[in-house]
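Laboratory data are not the source of any read-out in this text; all were calculated from the coordinates shown. Only a predicted model underlies this, so the values are computations on that prediction, with no experimental measurement involved. Cβ: placed from backbone, ideal geometry, glycine included. Neighbour counts: every protein chain shown.
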Amino acid sequence: MAQGAGNNAFRDKEKPQAVRMANITAARAVADAIRTSLGPRGMDKMIQTGKGETIITNDGNTMLKDMAVMHPAAKMLVDLANAQDIEAGDGTTSVVVIAGSLLGAAERLLGKGIHPTIISESFQRAATRAVQVLEEISVPINLADRQTLLKAASTSLSSKIVSQEPKLAPMAVDAVLRIIDPKYASNADLKNVRILKKPGGVIDDSEMIDGLVLGQPVVKSAGGPTRIEKAKIGLIQFQLSPPKPDMENQIVVNDYRQMDKILKEERTYLLNMAKKIKKAKCNVLLIQKSILRDAVNDLSLHFLYKLGILVVKDIERDEIEFICKSTGCKPVADIDSFHEDMLGSADLVEEVSSLGARYTKVTGVKHAKENSPRTVSIVARGANSLILDEAARSLHDAMCVVRCLVKKRALLPGGGAPEMAVATALSRDATTALYPDSICWKAFADALEVVPVTLAENAGLNAIKVVTELRARHAKGENNVGVSIKRGGVGVMGAGDGTTTSTGEGVMQPLLVSTSAIELASETVKMILRIDDIALSR
């Protein structure tokens with residue numbers, strides 16, 4: 001600091017540039033790290049967490065969330081993937097790759113001496129124009145058209161480990177259609193779909209159940225029933241075991257008659273509880289897990305079995321809301337408020353044992369209220385927990401794609417076609433635009449070509465040849481031509497349209513995924529470009 005003010009002023013001139021370059025380099029490093037996992041031929045990443053767990057995934061958001069990213073600018077890209085996951089649920093890898101490519105374009109423009117604010121504002125205008133172009137080339141859909149929804153879900157699953165499984169795409173589509181009213185819905189709440197992971201079998205053994213599935217088996221220790229028809233379901237949050245004093249204290253018994261009396265009291269207490277439960281016409285009892293003492297003991301189980309009540313214990317706290325939504329029962333915290341109107345009803349509750357796993361299945365649920373939300377449970381099966389976790393993530397992504405189509409009922413061709421169409425339109429606009437848009441829009445357009453380039457590279461095709469051909473076909477106005485993995489080159493992506501004689505490959509993606517990817521990526525780039533200093537706070 002003591003080298004004189006002149007030197008300092010000179011150094012400070014270069015500092016903003018150095019900070020900006022460091023930010024861009026760090027963010028691009030993150031984008032390049034997950035770029036290889038884009039598309040149907042993309043690779044998977046194996047991540048070892050700090051706890052020593054292993055995750056194998058192809059999902060951009062999961063990869064970034066579990067990577068140890070230190071640089072603050074790189075963390076912005078992690079947040080970007082998360083934002084895309086919340087908004088659209090799919091396209092998390094694409095959004096980071098696009099952001100990385102836009103930062104590369106911005107770096108080249110900065111090298112030409114254009115001011116970062118001018119670049120970021122011009123990019124923002126380009127993004128707005130890009131969304132317009134995407135909306136122009138999108139095709140409106142009807143939610144009753146199941147085939148089209150299946151194509152969109154299959155496209156989402158094509159890049160995952162589970163892409164060969166024929167059952168997952170229909171399962172995702174049916175699950176979302178089951179929980180909404182297709183005529184009026186403007187969104188789907190995926191909290192109403194519960195995925196239960198059970199190791200054993202293969203992914204193809206997964207099934208969707210219209211009703212409720214509990215991961216816990218029925219308690220059989222007292223020989224109680226394992227199947228109840230016309231079930232009345234009660235959900236209790238208190239314990240069916242002898243009461244204990246709140247504080248640590250001892251009771252000294254110096255007479256066996258007193259001992260007998262205590263045991264008798266316990267029996268009477270538990271028997272009265274069991275009778276009250278039976279009196280409310282309850283024949284299926286779900287008991288919440290308790291950390292203070294046993295939720296049920298053998299004696300109370302024996303009484304419940306004598307009264308013909310099926311018992312499932314150790315219900316987790318976070319399952320309570322879903323169970324209440326599914327069966328229409330209400331949680332009861334005290335035996336005195338256990339009445340018939342707190343119960344839910346179902347046609348059948350039974351324990352299912354399949355492929356080495358036991359769980360409880362509730363089907364034929366009747367709702368008291370007409371407009372109460374419908375729920376669906378999916379039992380996911382797989383050889384081990386790694387495959388199971390990835391199958392559940394893939395299912396969630398596919399359901400998010402269907403949810404996007406509920407929110408915004410329009411589809412785009414996939415395979416890099418939308419990005420290429422936007423790039424072509426922006427390049428065309430850039431030739432007639434004024435400075436700075438003329439130069440920045442061209443750079444923005446070139447940056448968007450990263451998606452088809454990466455798709456081609458990951459599939460082992462000649463990227464330059466493929467993208468040049470794509471550019472030529474898009475310039476002729478063939479908007480739904482993209483990178484075709486099946487043909488090893490360029491092909492028609494969507495359902496095929498009037499301009500081309502060939503039919504499409506059925507590679508479709510929701511409009512919302514692409515528009516939110518471009519909007520979010522350009523916003524993040526704008527933020528990174530506007531940073532000119534990093535200060536550490538105490």
Problem - Size of electric dipole in the chain: Cβ of Lys, Arg +1 and of Asp, Glu -1, about Cα centre, debye, nearest 20 - result: 580
Problem - Charge context of Asp532, other residues only, Cβ under 9 angstrom, K/R +1, D/E -1 - result: +2
Practice task
Report, by chain and number, residues whose modeled amide H sits under 5 Å from the one on Cys282, excluding near sequence neighbours (fewer than 5 apart, same chain).
Solution key: none
Handout entry: Cα pair count fraction exceeding 16 Å, expressed as % - segment 304-366
Key = 59
Practice task
Compute the separation of the alpha-carbon centres of segment 20-63 and segment 400-473 and state it in Å as a whole number.
Solution key: 22
Completion exercise
What one gets for segment 201-246 as the Kirkwood radius, inverse of mean 1/r over different Cα pairs in Å, is 14.9
Problem - Over the chain: helical MRE at 222 nm, DSSP H runs n ≥ 4 each giving -39500 (n - 2.57), nearest 500 - result: -15500 deg cm²/dmol
Completion exercise
Reduced to Cα centres, the span from segment 218-235 to segment 314-385 in Å works out to 13
Handout entry: Dipole magnitude (debye, nearest 20) for segment 211-382, charges at Cβ of Lys, Arg, Asp, Glu
Key = 540
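Over all directions, average the projected area of the Cα convex hull of segment 340-401 and note it in nm². Don't skip to the end; give the middle numbers.
Values: hull surface 25.1 nm².
Spelled out: convex hull of the Cα atoms, projected over all directions, averaged, 6.3 nm².
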Problem - Inter-part distance where segment 111-128 and segment 175-207 are each reduced to a Cα centre, Å - result: 43
Exercise for the section: Return, for the Cα atoms of segment 270-334, the radius of gyration and Dmax in Å, separated by a comma. Expected result: 12.0, 31
Fill in the blank from the handout: Bridge orientation stat for the chain from DSSP, antiparallel percent rounded to 5, came to 65
Exercise for the section: For segment 147-251, report the translational diffusion coefficient in µm²/s to the nearest whole number, using Stokes-Einstein at 10 °C, 1.306 mPa s, and a Kirkwood Rh over Cα pairs. Expected result: 86
Handout entry: Difference of contour (0.36 nm per residue) and Cα-Cα distance, Asp336 to Met70
Key = 90.3 nm
Fill in the blank from the handout: Taking only the alpha-carbon atoms of segment 1-132, the convex hull volume per residue, in cubic angstrom, is 146
Practice task
Name the residues whose placed amide hydrogens come within less than 5 Å of the amide hydrogen of Ile485, ignoring near sequence neighbours (fewer than 5 apart) on the same chain.
Solution key: none
Problem - Tail fraction, Cα-Cα pairs, segment 234-322, threshold 15 Å, whole percent - result: 64
Practice task
Calculate, axis by axis, the spread of Cα positions in segment 211-382 along the three principal axes, and write the results as whole Å, longest axis first.
Solution key: 58, 36, 30
Exercise for the section: Report, in order of residue number, the helices in the chain meeting two criteria: a C-alpha extent of 30 Å or more along the helix axis, and a mean Kyte-Doolittle hydropathy of at least -1.0; treat each whole DSSP H run as one helix. Expected result: 5-35, 116-137, 385-407
Exercise for the section: Sort the following peptides by mean Cβ neighbour count (other Cβ atoms within 10 Å, averaged over residues), highest first: 412-420, 454-462. Expected result: 412-420, 454-462
Handout entry: 3J(HN,Hα) from dihedral phi, segment 43-55, Karplus parametrisation 6.51/-1.76/1.60, rounded to Hz, x for glycine, proline
Key = 8, 9, 10, 9, 10, 9, 7, x, 7, x, 7, 10, 10
Practice task
Among Asn462, Gln250, Val492, pick out the residue whose Cα is farthest towards the positive end of the charge dipole of the chain, where Lys and Arg carry +1 and Asp and Glu carry -1 on C-beta, about the Cα centre.
Solution key: Gln250
Practice task
With a bin width of 20 angstrom, please list the P(r) values of the chain as percents of all Cα-Cα pairs, from the 0 bin to the one holding the largest distance.
Solution key: 19, 41, 26, 12, 2, 0
Exercise for the section: Mind giving me the FRET efficiency for Lys51 and Asn272? R0 is 56 Å, r the Cβ-Cβ distance, nearest 0.05 is fine. Expected result: 0.75
